[in-house]
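Readers should treat all values here as calculations from the given coordinates under stated rules, not as data from a laboratory. Quick caveat: nothing in here was measured; it's all calculated off a predicted structure. Here Cβ is always computed from backbone atoms with ideal geometry, including for glycine, and neighbour counts include all displayed protein chains.
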Amino acid sequence: MKALIQRVRSARVDVAGECVGAIDQGLLALIGVEPQDDPARVAKMLQRLLNYRVFSDAEGKMNRSLKDIGGGLLLISQFTLAADTNSGLRPSFSTAAPPAQGAELFDALVTLARQQHPQVATGRFGADMQVQLINDGPVTFLLQV
């Protein structure tokens, strides 16, 4: 499982012109599910998302987590993160989980996140989404479990 996280001042995701998820300060996490992923990896990824220290403390150092600041978490499924881009001029998606597995594990991540964190928003799995964000920093990391 991969998550491309961005520290944001705000972010939103629209589907067909309708806002389906939005947060103020927090993390936007684009989630890629791979065939070897399972519920244990989902749980591990969520712990990293909630506790990864990317927010500044009083001295300006990245010592505070999403949980520490009480920020929002916007989860968006993005199978293209799991693409094989090692050769050629076109990505191969054979390294991404099949849609049914991807949907199941993404939904599990959302459910678990909502049980453990008060501010969770999502996109819509498999939809054509438009994502808007104000990147804070910019601060962007690729997490893998």
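Some observations on this one:
- The magnitude of the dipole of the range 2-144, with charges of +1 and -1 set on the Cβ of Lys/Arg and Asp/Glu and taken from the Cα centre, is near 320 debye.
- Listed by chain and number, the lysines placed with their C-alpha closer than 22 angstrom to that of Lys2 are Lys44, Lys67; residues fewer than eight positions away on the same chain are left out.
- Summarising the amide proton neighbourhood of Val20: residues at separation of 5 or more, or on other chains, whose placed amide H is nearer than 5 Å comprise Val13, Asp14, Val15.
- Radius 15 Å from Cβ of Gly102, net charge of other residues (Lys, Arg +1; Asp, Glu -1): -2
- Cα long-axis angle, helix 39-51 against the chain (0 to 90 degrees, to the nearest 10): 30 degrees
- Residue separation of Ala100 and Ser87 scaled by 0.36 nm, minus their Cα-Cα distance, works out to 2.0 nm of gained length.
- Computing Rg and Dmax of the Cα atoms in Å directly from the structure and comparing it against [x] 20.6, 80; [y] 14.9, 46; [z] 14.1, 43 singles out [y].
- Listed residues Gln132, Gln47, Gln115, most fluctuating in the chain (Gaussian network, C-alpha, under 10 Å): Gln115
- Considering only Gly137, Thr85, Gln36, the residue lying farthest towards the positive end of the dipole of the chain is Gly137, judged by Cα position with unit charges set on Cβ.
- Taking Glu18, Glu59, Glu104 in turn, the Gaussian network model of the chain (Cα-Cα springs below 10 Å) assigns the largest fluctuation to Glu59.
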